[in-house]
Ligand SMILES: *Cc1c(COP(=O)(O)O)cnc(C)c1O
């Protein structure tokens, strides 16, 4: 079997071991005579899967006891709306850090719910950097501060987080959750769609502090209230059971890799291969993001002309690489090197980049 060198931005690579394990259990999960997809979400077997995935996430990230882990549906995009529906208070603006396409979308949704302010923006730098912490200004009466820890499209990442005191810090970590250790106690809410670093699409992880769960207003529909799902351990209605099961397998794989600290080093080793190929190309390749804000998950880069970029994509595809075309909004090239992308794929890409330069430099 030939596996592609998969640099897709999302849905993205899943560890081969996980796929093989799921394949083994696909038709008959633990002797139940049926697959995970066919059993009741109220069954003991599925409750075990649900509880184990939650417990593993708590263990791997180091989530304190006063936080809940929720498995919801609708993607991170639904969280853009659900968050202000639950936590944006009348007369108290929600502050947003504008760092690219995803942060922008999150803020636009909040504007439909209530008042927002821009706490910092890097738009004038074409979103090619993250703001420094001193640039972020939060009104003292803000309902919360929202940021995007990694901008998947621009390829910029926060390498430190602001201290917001009593104002809840909210982070969309869709494209870098579990890629490095974080101090959860700095955050009020962390959310992430699963399809980049956690498994397949269909489930969205929300990590939320207890006091914020309790703030869910009673006048919004049940499905949109955090406390509905918290009270029911994410089994209020039928969950995306197969996706939750897959996330559990991925979390076990991360544990087997030695945990998030080990993964961070692995991710740094992987991205170094590609950033070095860019930086040592004598200007043939140019990193799109400013050096200090470079992402360890999405590497964005350019070539001298769009024709050359098209040729790069075409020839890379012929050699088994997938997903290297940049997002349509920004163009250029992008290699997404999420947790499950093996070092070997990055070695192969660095080699391809050197060969391509020899042919076209
Ligand atoms: C992919 C992505 C989203 C959108 O996720 P969906 O699950 O498709 O709604 C939001 N934010 C970031 C940072 C992303 O990378």
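What tally of residues in the stretch 56-100 results from selecting those that are assigned to a helix (DSSP H, G or I), buried (at least 17 other Cβ atoms within 10 Å of the Cβ) and within 13 Å of the ligand (Cβ to nearest atom)? Number of matching residues: 8.
The residues in the stretch 146-166 that are in contact with a strand residue (DSSP E or B) (Cβ under 6 Å, 6 or more places away or on another chain) and surrounded by fewer than 24 Cβ atoms within 10 Å (Cβ to Cβ) can be counted, and the count is 2. Here is the figure for the stretch 123-153: residues that are within 20 Å of the chain's Cα centre (by Cα), more than 15 Å from the ligand (Cβ to nearest atom) and without any contact (Cβ under 8 Å) to a residue 40 or more places away in the chain total 1. Within the set 216, 234, the sole residue that is away from the ligand (no atom under 16 Å from the Cβ), more than 26 Å from residue 301 (Cα to Cα) and modelled with pLDDT under 95 turns out to be 216.
State yes or no: is residue 263 buried (at least 18 other Cβ atoms within 10 Å of the Cβ), assigned to a helix (DSSP H, G or I) and assigned by TED's automatic domain parsing to the domain that holds residue 37?
So residue 263 does not fit the description; no.
Of everything listed in (1) farther than 22 Å from residue 152 by Cα; (2) in the same structural domain as residue 211 (by TED's automatic domain parsing); (3) in contact (Cβ under 8 Å) with a residue 24 or more places away in the chain, the single unmet condition for residue 74 is (1). Checked against (1) within 16 Å of the ligand (Cβ to nearest atom); (2) closer than 21 Å to residue 209 by Cβ; (3) touching a residue at least 40 places away in the same chain (Cβ under 8 Å), residue 110 passes all but condition (3). Output the residues belonging to the stretch 183-201 that are more than 9 Å from the ligand (Cβ to nearest atom) and out of contact with any strand residue (DSSP E or B) (no Cβ under 8 Å at 6 or more places or on another chain). Hits for the stretch 183-201 are 183, 185, 197, 199, 200.
Can you find a residue in the stretch 295-305 that is out of contact with any helix residue (DSSP H, G or I) (no Cβ under 9 Å at 6 or more places or on another chain) and part of a helix (DSSP H, G or I)? No - not one qualifying residue is present in the stretch 295-305. Can you confirm whether residue 232 is more than 25 Å from residue 255 (Cβ to Cβ), touching a helix residue (DSSP H, G or I) at 6+ places or on another chain (Cβ under 7 Å) and without any contact (Cβ under 8 Å) to a residue 60 or more places away in the chain? Here the answer is no, as residue 232 does not meet what is asked.
Taken over the stretch 110-145, residues that are in contact with a helix residue (DSSP H, G or I) (Cβ under 6 Å, 6 or more places away or on another chain), crowded, with 24+ Cβ neighbours inside 10 Å and within 27 Å of residue 334 (Cα to Cα) amount to 1.
Looking at (1) under 19 Å from the mean Cα position of the chain (by Cα); (2) in contact (Cβ under 8 Å) with a residue 60 or more places away in the chain, can you tell me which one residue 262 breaks? Evaluating residue 262 over (1) under 19 Å from the mean Cα position of the chain (by Cα); (2) in contact (Cβ under 8 Å) with a residue 60 or more places away in the chain leaves (2) as the failure. The single condition among (1) closer than 20 Å to residue 158 by Cα; (2) surrounded by 14 or more Cβ atoms within 10 Å (Cβ to Cβ); (3) in contact (Cβ under 8 Å) with a residue 40 or more places away in the chain that residue 273 does not satisfy is (1).
A count restricted to the stretch 310-349 and to residues that are in contact with a strand residue (DSSP E or B) (Cβ under 6 Å, 6 or more places away or on another chain), surrounded by fewer than 20 Cβ atoms within 10 Å (Cβ to Cβ) and assigned to a helix (DSSP H, G or I) stands at 2.
The values are calculated or read from the model by the stated rules, or taken from the named source; none is laboratory data. This is a predicted model, so every value here is computed, not measured. As a convention, Cβ positions derive from the backbone with ideal geometry for all residues, glycine included, and neighbour counts pool all protein chains shown.
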